[in-house]
Structure formats: C-alpha cells, structure tokens
Amino acid sequence: MVEVKNKNEHTSLNGTWRGSPGVYIHIPFCSSFCSYCDFPKTLHKKNDHDQLVHDYFNTLDLHLKTWLFSSPWSIHFQEKKISSLNFGGGTPGLFGSYYEPLFKTIHSLLAEQAEISLEVNPHNIFEDRLKTWKDLGFNRISIGVQTIDSQGLKLLGRDHTGMEAIKSIELAKKYFKNINIDLIYAWPGQNMSIWTHDLKTTLSFDIPHISLYCLTSEKSTTLGRKILESNISKPSEDTQTNFYETARELLKSAHYEHEEISNCSQQGFSCAHNFLYWEGCHFIGIGTGAHGYLPSHEKIGLRYAYTPNTKIFIRQNPPYFNTDHFDQTNLIIDNSRTTDSWLIEYIGCSLRALKGVDLALAEDISQKKFSPNTKVLKALDTGILNITPDRKLILNEKEWIRETAWSLEVIISFL
C-alpha cells in the first residue's frame, strides 16, 4: 500500500507535477502481427472477438474514470487540464465509435488546445472512418507506413502495399492537417536507394511530422529471432549511420526541425505527447501493458504498469483509492527505482532530444552535483556538448545516434 495521510493532503502521493498531464490509452488489438513488433497485442478478427473488444473498452472507461475522478491526482487534472491524449497499440485505427464513451468521460478535463492523437495503419484509412475520428475529437493521426518498398513490407509483416500507403496518405490529408508518418530503416535487405525513395516520397506529401525508427532486433519477435540467429542480417553499423545522416540532411533541407533522434517536424507540429516522455513529465497510462508515471511523495515519482495480458486486464478492477490507502493490487509498481535509476531514465531520454538535459532538475531530484568528467569536458570544449545560459545540457544532433555512449558519460559526471 501507498499511504495517503488524510483526506485533504494530496501531496503525500501527488508530489510536484512536471508539465501538463497527459493520458496514454493502449489498444492491443491487431488484425495481423508484424514480424518486428514486441508491444502487447491481441489478435482481432472481426466478428470473432467483438465481445472481447466490447469488454475491453468498457474496462478502459472504468479505469479512466477512476484515475481522473477518484484518485489523489484528480484535483490536478481538474485544475491544470490534460494537454495530450494519445491512443497507441496495437492498432487503434481498427475502431471508430468505440472511442465515444472514452471521449465523454475525459472531455471536461481536456485543455482547449489538447493534442488528441490516434495511431493508424494504411488499411484502417477510409472515408467513413476518417470522418468518425474527426467528429469524435481526434486532431492528429500517426500512420504506420514503415516503408513503401514491397520486399520491405513483406519482411516486416505489414498488411498493406506501397500504393495503398500512398493512397491512404492522400485520403487522410482531406480530413487531418496534423499527420505523422512512421518509417523504419536498417531492415535486412534495405539499401540507400530504397531508403532515399521512402524519404523523398514521404516528403512529397508535405507531411508535418515524420518519425524515423532504426529497426531493433528484439528476440521476442519473429524478425528479431531470425536476425539474432544470423539467418538474415541487418545493414552494418556504418550503413545505419549513413541512413541516419541521409535522413537528417534531407529533412533539414526541407525545413524540418530535428527535435529528437527519431522525430522531425515542421514548425508548430511537434508532438506534445512525445515531449512528456523526453522531458520526464507525468502521465497516466491505461490498458494492456500500458505504463504510467505520476508524482509521489518521493521526488523520483511513481512508475507503474498494467498486465500485458488483455483477458486478465478485463477481469481486473481499477486501482482503489480512499483517504487511507491506494490499493495497487492490480498494478505492477516499480519499487526498485532509486534516484540513480531516475537519473539514468531522465538523461537517457532527454539527451537525445533538442531541449536536452535540465541540469537544475537533474541535480534537484538526484541530489547530486553535475561535475563533468574528462570526456564531457572535452566534448564541451569541441562543441559536441553545450550548456545553455539556463543550464540545459545539449548534445549536438550529429551525435544523437551515439546518444547511449554520451548518456553514460553524463551519468558518470553525476555519480
């Protein structure tokens, strides 16, 4: 149990909020499984699992109401309002009207200019569905294109063709101005010609936000196992770096701001929800395998997760709050976290982004002084790292692809 001292003392769990609150809702259902994905997911074939979907959305709404209106954090949602609402998956684009009850629940707590985002695949995009999403209140969609190359789509286990992806983008632009396109690079068999074609085709649509993800080889996935077992191989590290540099240069020449290692945007189209993660801000996560990060009486905050099993999630009651305790039985609480692990989390996310590490925040929460080691001092001298007048530690974007190594040096400079 996490104790709440008395009825009016919300700070015992609340702590200090960083940033406007966000909400992440996980939709685990997929009509097919991609070979590279290790996110919590459940196979959904229309008419076979309609009851499961119905029960899942009802459970989501019950949990959402509990967090927003019956938790020690409720007052902050009412006072500060929610700045971003993000539906991820899985394949949230499989559904339309199912979202209506969730919107009714959260509507009064959304900020006037809240970013309301939905992840979709090209196969989900057709006229009626786009209209439904827009009418419900979604104002941003993220389309999982990944590549336009037919061999790449087959390897990644995608259920669309390159032409279908192009047509889906054209149709989406009729209804939404704020659109993101996901692309994956460094998959086996990809070369610079394929990668450049994907980038130039995407840029031709004047899409305001583009995410570029380097393929990771997770052993829990079909493709990851094949790569790790050396049945197929990814492009070399040098080639991966060339892919990254090529994308960075093309997007820069098209006037995109490189805001984080994997994300670029036109002016005014940064993803608000992403920055919650990059800057160590707080958010609720709800649904199968969803994670949340909330303030608590400890400065490092409270990290929790839901079960990755959809059927178990549906059977679970929401967390229970009263004046005496917070019943966390149905949540996975990370009680192993320390100020050092918070520091690793924070620097690992913020150093790879345009705004960098807030040194004052890092020192306040970790209770450690930033004392640059030899490598960091040299990097500061050569311009690889810079400290702004307001004490933000910024890593040169050319080095973001080597962020892991630089994060380690910065972390050492605190220890």
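The values are calculated or read from the model by the stated rules, or taken from the named source; none is laboratory data. From a predicted model like this one, the values you see are computed outputs, not experimental measurements. Quick reminder, even Gly has a Cβ in these numbers, built from the backbone with ideal geometry, and neighbours come from all protein chains shown.
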Can you say whether GLU115 is modelled with pLDDT of 95 or more, within 16 Å of the chain's Cα centre (by Cα) and of a type in the set (Asp, Glu), as far as the supplied structure shows?
yes
Name the residue, out of ASP340, ASP324, that is at pLDDT 90 or above and exposed (fewer than 15 other Cβ atoms within 10 Å of the Cβ).
ASP340
From ALA353, ALA360, residue being touching a Phe, Trp or Tyr at 6+ places or on another chain (Cβ under 6 Å) and either among the small types (Gly, Ala, Ser) or outside the structural domain of GLU259 (by TED's automatic domain parsing) (or both)
ALA353
Could you check how many residues of region 75-96 are assigned to a loop (DSSP other than H, G, I, E, B), on the phi < 0 side of the Ramachandran plot and not β-branched (Val, Ile, Thr)?
2
Given the criteria in contact with a helix residue (DSSP H, G or I) (Cβ under 7 Å, 6 or more places away or on another chain) and either modelled with pLDDT of 95 or more or part of a strand (DSSP E or B) (or both), does ILE169 qualify?
no
Got at least one residue in region 138-155 being under 25 Å from ARG248 (Cα atoms), in contact with a His (Cβ under 6 Å, 6 or more places away or on another chain) and in contact (Cβ under 8 Å) with a residue 40 or more places away in the chain?
no
Residue identified as in contact with a Gly (Cβ under 8 Å, 6 or more places away or on another chain) and either buried (at least 18 other Cβ atoms within 10 Å of the Cβ) or within 23 Å of CYS271 (Cβ to Cβ) (or both) among THR222, THR216:
THR216
With the condition kept exactly as written, say whether any residue in region 80-94 is free of Cβ contacts under 8 Å to residues at least 24 places away in the same chain and either of a type in the set (Lys, Arg) or in contact with a Phe, Trp or Tyr (Cβ under 8 Å, 6 or more places away or on another chain) (or both).
no
Any chance you could count how many residues in region 364-404 are modelled with pLDDT of 95 or more and either part of a helix (DSSP H, G or I) or in contact with a Ser or Thr (Cβ under 7 Å, 6 or more places away or on another chain) (or both)?
14
Looking at the structure I just gave you, is ILE300 free of Cβ contacts under 8 Å to residues at least 24 places away in the same chain and crowded, with 16+ Cβ neighbours inside 10 Å?
no
Determine whether region 166-177 contains at least one residue that is more than 23 Å from TRP133 (Cα to Cα), crowded, with 17+ Cβ neighbours inside 10 Å and touching a residue at least 40 places away in the same chain (Cβ under 8 Å).
no
Against the definition (touching a Lys or Arg at 6+ places or on another chain (Cβ under 9 Å) and of a type outside the set (Ser, Thr, Tyr)), how does PHE205 come out, yes or no?
yes
Given the condition among the hydroxyl-bearing types (Ser, Thr, Tyr) and touching a Pro at 6+ places or on another chain (Cβ under 6 Å), answer yes or no: does some residue in region 166-173 qualify?
yes
Within region 72-80, is even one residue closer than 24 Å to SER117 by Cα, at pLDDT 90 or above and surrounded by 17 or more Cβ atoms within 10 Å (Cβ to Cβ)?
no
Kindly list the number of the only condition in (1) in contact (Cβ under 8 Å) with a residue 40 or more places away in the chain; (2) over 24 Å from PHE87 (Cα atoms) that fails for ILE227.
(1)
Scan region 208-224 and report the pairs whose first residue is under 18 Å from ALA247 (Cα atoms) and whose second residue is in a loop (DSSP other than H, G, I, E, B) and aliphatic (A, V, I, L, M), with Cβ atoms within less than 7 Å and a gap of 6+ or a chain change.
CYS214/ALA186; LEU215/ALA186
Counting only residues that are touching a strand residue (DSSP E or B) at 6+ places or on another chain (Cβ under 9 Å) and β-branched (Val, Ile, Thr), which one in region 352-400 is nearest to TRP278 (Cα to Cα)?
VAL357
With the condition kept exactly as written, say whether any residue in region 143-155 is in a strand (DSSP E or B), farther than 24 Å from GLU218 by Cβ and out of contact with any Ser or Thr (no Cβ under 7 Å at 6 or more places or on another chain).
no
